[in-house]
Every structure is written in C-alpha cells, then in structure tokens.
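The values are calculated or read from the model by the stated rules, or taken from the named source; none is laboratory data. Since we're looking at a predicted model, the values are computed, not measured. No Cβ is skipped: glycine too gets one built from the backbone with ideal geometry, and neighbour counts run over all protein chains shown. Areas reflect the complete protein model, heavy atoms only, side chains present, ligands, DNA and RNA absent. Shrake-Rupley method; radii C 1.70, N 1.55, O 1.52, S 1.80 Å.
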Amino acid sequence: AAGWAARAAAELHAAGGDRVRPGPTPLDVLTPQELRVALAVGRGVTNHEAAEQLFLSVKTVEFHLGNIYRKLDGVHRRAQLVRLLSQSAP
C-alpha cells in the first residue's frame, strides 16, 4: 500500500493538487447576486450604472448594497467596499 500511496502523492503533486488553496474571504458571506453588485460597485460604477449592467432596478441595487454593508463587518461605505474588494483579489 505504501507504494500506491507514494505514487498517488506524486500524481497529486504533478497535477498541482498539493498547492495551498486560498482560505475563505469575507466576501464568502455574500449571495451570488450581492457579490455581482459588490463587484460592479468595486469597478467604480454608480448605482444606476450597476443596475443597467446587471439588468436590475436601482432599488434592487440599493437593497443589495444594504445587505452587503450589513453582512461585511466594518464596511459601511462604498470606499470601504472597494478597499475590501481590492484586498480580496487574487
């Protein structure tokens, strides 16, 4: 069995499977739609522009931003959200 384990480990290493994967980020608490809104805001667009790009109403974008600010500890303004997004980028 030791031979098979060594071979499996070698195959895993060759495939890059033993590389350290990034841990969870604060953004993991967001729903997919909230993340889409956050990323749009992170690109510097207005609520109106985000709504157009994401095919949402401005009120829906505002609703999601409220949820984002509530879920992300210490994020209460757009600038803080942009900073968090830049820190979380690979």
Quiz item: Among the residues of region 51-72, is any closer than 17 Å to residue 27 by Cβ and in contact with a Phe, Trp or Tyr (Cβ under 9 Å, 6 or more places away or on another chain)?
Solution: no
Quiz item: closer than 30 Å to residue 80 by Cα, open to solvent by less than 40 Å² (accessible area, probe 1.4 Å), at pLDDT 70 or above and not in a helix (DSSP H, G or I), is that true of residue 45?
Solution: yes
Quiz item: In region 53-90, what count of residues is obtained for those that are in a helix (DSSP H, G or I) and not β-branched (Val, Ile, Thr)?
Solution: 22
